[in-house]
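Notes to accompany the following structure.
The values are calculated or read from the model by the stated rules, or taken from the named source; none is laboratory data. In this text, all values refer to a predicted model and were calculated from it rather than measured experimentally. For neighbour counting, all protein chains shown are included, and Cβ atoms are generated from backbone atoms with ideal geometry for every residue, glycine included.
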Amino acid sequence: MSNKYRKVAYYPGCALEGGASSYNRSTKEVGKKLGLELVELENWNCCGAMEVKNADPKLQTFLSARNLKIAEDMGFDTVMSPCNGCYHNLKKAEYDLAHDEASRETVKKLAHRAKTEPYQAGKVETIHALDWIRDAIGTDELRKQVRNSLKGLKVANYYGCMYTRPRHIFPEKDQGGANSDSTYRPHFMDDLLAAAGAENVEYPLKTACCGGAHTLSDSDTSTRLVLNLLTTAEACGAEVIATECPTCHQGLEMHQARAEKVFGKKTKVKMLYFTQLLGMALGLSARQVGVHENLSDSRSLLKEKGLG
Amino acid sequence: MPILSKHLIRDENLIRNENLVIEGVDVSGDWSTFIKTRVVQDYNDSLQEDIAALPGGENIHRCWQCGSCTNTCTINALNPDFNPRYWIYLIRIGMEEELIRDKEIIWQCVSCNKCTSVCPRDVMPEGVMRATAHWLELKGYTPESPATIFDKVFSSQVFAKGKIEEGRLMMRFFKKTGQKLTQDWLVGLIRGLVLRLPIGLLTRMGLSALIHPRTRDWSNHRMAIAEYITEQKALHRKALGLPTTEESR
């Protein structure tokens, strides 16, 4: 156990304050259980998600730079976000400010007009909740703290798009990303859940797309993409898809229901945030990690596995 | 010559003759199919510049047509007509009319960034798709796509308040796109959720439905963003040779 990341700034983002509140709750509970401290960014704003970049990519940089600046002003050099969208956008802003003069100029101009100080690249590191637990606790220590092993639970680990792409922002280990997860074969979540006793299945669609960007605006496409993720997970023998992104998670839940209603295709694999699985392994109850707040109902499976 | 790759040629560009005799030779059957002569004169010389002037399209000139983008594309796997490499090709040589044939699907890019990750030339095809979709809308070739409407509803909440609230977002989007506010599949899900009595969640959702979550002291940001958007819009329209004052749609 190192002292790294034991106290970090916390950026939940809009999704975790809304429909994905079970991810917010379970992240905080797991942190508490492991003795890690989260200090929420004061008066944060939306990162721009997948939408503001389409209005203007530099506005997204500006929005995320403001959040990084808040972390800096609060005296933190690390900000942790469990949401792939927020994590991606903060990392992208950091990258753009470090590499692109035009982005720097725009952010400076907008900050000036908004009567604030612009954020300078290099002051704050953005990490994902996966990096946080992996580096602050590590798999060995986690294994020791497991009270209620996930033994016998077959899990497909699903990371989605925003956590690993594009390669400029999330380089492979041999290309400057010494401490980042692999772009092509991410495994941080696999490692953590394995340490908690889960039986990870070989899932080839770890970083495939769920169509989250168009989940409502092009629902049929999203339903087809999600159905592929679900049926493949089932074919791989998974009972649960572990997620680490609120957009993916809710997309999988919504389009699982939609696939059944609209396409007549029923799948029974369950979705749980990896923090919910870790929390239950650490001895928290299903209710404490907000299983009842998920859109889909996985309580009977968890009870069957002795995790309810 | 028989044409071996007929499937690559659009039907309307093929001429078939059941029975054909040319200079006394019977060429019926496979030998009677011809490709229609086609002369393209209406190249749009500034098409690449147009796309490059819109956010995301800046690097289109770097493309050397390797096809990695299409090969890895999420949407191409569902619909072979969704072909980023081909569209980049058409834009670069200025074949506007051909590009416009696919105007109904270009917006469907889901921004999974697989193309941008594999592109050996840093063309950023994901950005090019976005720029092209915007170009089609700015030029008036397509109405605003559902994705653009969603982006606008979403962004306007962020710009106005600093945060979004999902309930309003969905309602406003369904309303703007003329869809039922209560989608059947969604109603079932939400009913199931409510029956599990997530008191905390329901209280929070109820509160944010009443009071929009917001970032404090946001007004300076709101004004700075509005001013910037107006400037950028004018720049984009000017680059495309459109009148700088946008007529309301």
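Which members of region B:224-245 meet the condition of being β-branched (Val, Ile, Thr) and at the interface with another protein chain (Cβ under 10 Å from one of its Cβ atoms)? Talk me through it step by step, then tell me what you get.
The initial filter retains those residues of region B:224-245 that are β-branched (Val, Ile, Thr), namely B:225, B:229-230, B:244-245.
Those that are β-branched (Val, Ile, Thr) and at the interface with another protein chain (Cβ under 10 Å from one of its Cβ atoms): B:Ile225, B:Ile229.
So which strands (runs of 3 or more DSSP E) stay within region A:1-95 end to end and still have 2 or more residues that are β-branched (Val, Ile, Thr) and touching a residue at least 12 places away in the same chain (Cβ under 8 Å)?
Numbers: elements: A:7-10, A:37-40, A:78-81.
Passing ranges, in order: A:78-81.
Show the residue pairs that are 6+ apart or on different chains and have beta-carbon atoms under 7 Å apart, the first residue being within region B:52-75 and at positive phi, the second being part of a loop (DSSP other than H, G, I, E, B).
B:Gly56/B:Met124
Please pick out the residue among B:Arg172, B:Arg85, B:Arg168 that is under 22 Å from B:Gln48 (Cα atoms) and surrounded by fewer than 23 Cβ atoms within 10 Å (Cβ to Cβ). I'd like the intermediate steps shown before the answer.
Values: B:Arg172 fails: under 22 Å from B:Gln48 (Cα atoms); B:Arg168 fails: under 22 Å from B:Gln48 (Cα atoms).
Within the list B:Arg172, B:Arg85, B:Arg168, the selection yields B:Arg85.
Considering only region A:88-107, I want to know if a residue exists there that is assigned by TED's automatic domain parsing to the domain that holds A:Cys14, in contact with a Cys (Cβ under 7 Å, 6 or more places away or on another chain), surrounded by 24 or more Cβ atoms within 10 Å (Cβ to Cβ) and not acidic (Asp, Glu).
Here is the first cut: in region A:88-107, the residues assigned by TED's automatic domain parsing to the domain that holds A:Cys14 are A:88-107.
Narrowing the set further to residues that are in contact with a Cys (Cβ under 7 Å, 6 or more places away or on another chain) leaves A:89-90.
Next cut, surrounded by 24 or more Cβ atoms within 10 Å (Cβ to Cβ) only: A:89-90.
With the extra rule that they be not acidic (Asp, Glu), the set shrinks to A:89-90.
For region A:88-107, residues assigned by TED's automatic domain parsing to the domain that holds A:Cys14, in contact with a Cys (Cβ under 7 Å, 6 or more places away or on another chain), surrounded by 24 or more Cβ atoms within 10 Å (Cβ to Cβ) and not acidic (Asp, Glu): present.
Which condition number does A:Leu225 fail, the rest of (1) more than 22 Å from the chain's Cα centre (by Cα); (2) at the interface with chain B (Cβ under 9 Å from one of its Cβ atoms) being met?
Of everything listed in (1) more than 22 Å from the chain's Cα centre (by Cα); (2) at the interface with chain B (Cβ under 9 Å from one of its Cβ atoms), A:Leu225 misses just condition (1).
With in contact with a helix residue (DSSP H, G or I) (Cβ under 9 Å, 6 or more places away or on another chain), within 23 Å of A:Ala49 (Cβ to Cβ) and either not small (Gly, Ala, Ser) or not assigned by TED's automatic domain parsing to the domain that holds A:Tyr203 (or both) as the only criterion, which of A:Asp140, A:Asp181 stands out?
Residue meeting the stated conditions: A:Asp181.
Being over 17 Å from A:Cys46 (Cβ atoms) and in contact with an Asp or Glu (Cβ under 6 Å, 6 or more places away or on another chain) is the filter here, so list the residues in region B:193-229 that pass it.
B:Pro198, B:Leu201
Please work out if B:Phe159 is under 30 Å from A:Trp44 (Cβ atoms) and in contact with a helix residue (DSSP H, G or I) (Cβ under 8 Å, 6 or more places away or on another chain). Break it down into steps so the answer makes sense when it comes.
Working: under 30 Å from A:Trp44 (Cβ atoms): yes; in contact with a helix residue (DSSP H, G or I) (Cβ under 8 Å, 6 or more places away or on another chain): yes.
Here the answer is yes, as B:Phe159 does meet what is asked.
From the list B:Gly178, B:Gly188, B:Gly140, which residue is facing chain A (nearest Cβ under 10 Å) and either touching a residue at least 40 places away in the same chain (Cβ under 8 Å) or surrounded by fewer than 18 Cβ atoms within 10 Å (Cβ to Cβ) (or both)?
B:Gly188
Being on the phi > 0 side of the Ramachandran plot and at the interface with another protein chain (Cβ under 8 Å from one of its Cβ atoms) narrows it down to one residue among A:Ala49, A:Ala55; which is it? Can you show your working first?
On the way: A:Ala55 fails: on the phi > 0 side of the Ramachandran plot.
Sole residue among the options that is on the phi > 0 side of the Ramachandran plot and at the interface with another protein chain (Cβ under 8 Å from one of its Cβ atoms): A:Ala49.
All but one of (1) without any contact (Cβ under 8 Å) to a residue 12 or more places away in the chain; (2) touching a Leu at 6+ places or on another chain (Cβ under 9 Å) hold for B:Ile91; which doesn't?
B:Ile91 satisfies every listed condition except (1).
Just checking: which of the helices (runs of 4 or more DSSP H) contained wholly in region A:234-308 hold 2 or more residues that are in contact with a helix residue (DSSP H, G or I) (Cβ under 6 Å, 6 or more places away or on another chain) and within 14 Å of another protein chain (Cβ to nearest Cβ)? Even if it seems obvious, please write down each step before you answer.
Details: elements: A:246-258, A:274-281, A:299-304.
Answer list for region A:234-308: A:246-258.
Give the residue that is surrounded by the most Cβ atoms within 10 Å (Cβ to Cβ), with candidates limited to residues of region A:108-159 that are of a type in the set (S, T, N, Q) and closer than 23 Å to A:Val240 by Cβ. Steps first, answer last, please.
Filtering region A:108-159 for residues of a type in the set (S, T, N, Q) gives A:116, A:120, A:126, A:139, A:145, A:148-149, A:157.
So of that shortlist, the ones also closer than 23 Å to A:Val240 by Cβ come out as A:139, A:145, A:148-149, A:157.
Working: A:Thr139: 16, A:Gln145: 16, A:Asn148: 17, A:Ser149: 16, A:Asn157: 26.
Result: A:Asn157.
In this structure, does A:Ser26 turn out to be among the hydroxyl-bearing types (Ser, Thr, Tyr), facing chain B (nearest Cβ under 9 Å), surrounded by 24 or more Cβ atoms within 10 Å (Cβ to Cβ) and touching a helix residue (DSSP H, G or I) at 6+ places or on another chain (Cβ under 7 Å)?
Details: among the hydroxyl-bearing types (Ser, Thr, Tyr): yes; facing chain B (nearest Cβ under 9 Å): no; surrounded by 24 or more Cβ atoms within 10 Å (Cβ to Cβ): yes; touching a helix residue (DSSP H, G or I) at 6+ places or on another chain (Cβ under 7 Å): yes.
So A:Ser26 fails the test.
For region B:11-43, give me each residue that is of a type in the set (Lys, Arg) and either surrounded by 11 or more Cβ atoms within 10 Å (Cβ to Cβ) or in contact with a strand residue (DSSP E or B) (Cβ under 9 Å, 6 or more places away or on another chain) (or both). So that I can check it myself, show each step before the final result.
In the first step, residues of region B:11-43 are kept if they are of a type in the set (Lys, Arg); the result is B:16, B:36, B:38.
Across region B:11-43, the qualifying residues are B:Arg16, B:Lys36.
Which residue is farthest from the other protein chains (Cβ to nearest Cβ), if the candidates are limited to region B:154-165 and must be buried (at least 19 other Cβ atoms within 10 Å of the Cβ) and of a type in the set (A, V, I, L, M, F, W, C)?
B:Phe159
Hey, can you tell me all the residues within region B:191-225 that are exposed (fewer than 13 other Cβ atoms within 10 Å of the Cβ) and aliphatic (A, V, I, L, M)?
If the condition is that a residue be exposed (fewer than 13 other Cβ atoms within 10 Å of the Cβ) and aliphatic (A, V, I, L, M), then B:Val194, B:Leu195, B:Leu197, B:Ile199, B:Leu207, B:Leu210, B:Ile211 are the ones that fit.
Please identify the pairs in which a residue from region B:198-223 that is at the interface with chain A (Cβ under 9 Å from one of its Cβ atoms) has its Cβ atom under 6 Å from the Cβ atom of a residue that is exposed (fewer than 14 other Cβ atoms within 10 Å of the Cβ) and not aromatic (Phe, Trp, Tyr), counting only partners at least 6 apart or on another chain.
From region B:198-223, the pairs are B:Asn220/A:Lys115.
For the structure I just gave you, tell me whether A:Arg299 is touching a Gly at 6+ places or on another chain (Cβ under 7 Å) and not hydrophobic (A, V, I, L, M, F, W, C).
On the way: touching a Gly at 6+ places or on another chain (Cβ under 7 Å): yes; not hydrophobic (A, V, I, L, M, F, W, C): yes.
Yes: the conditions hold for A:Arg299.
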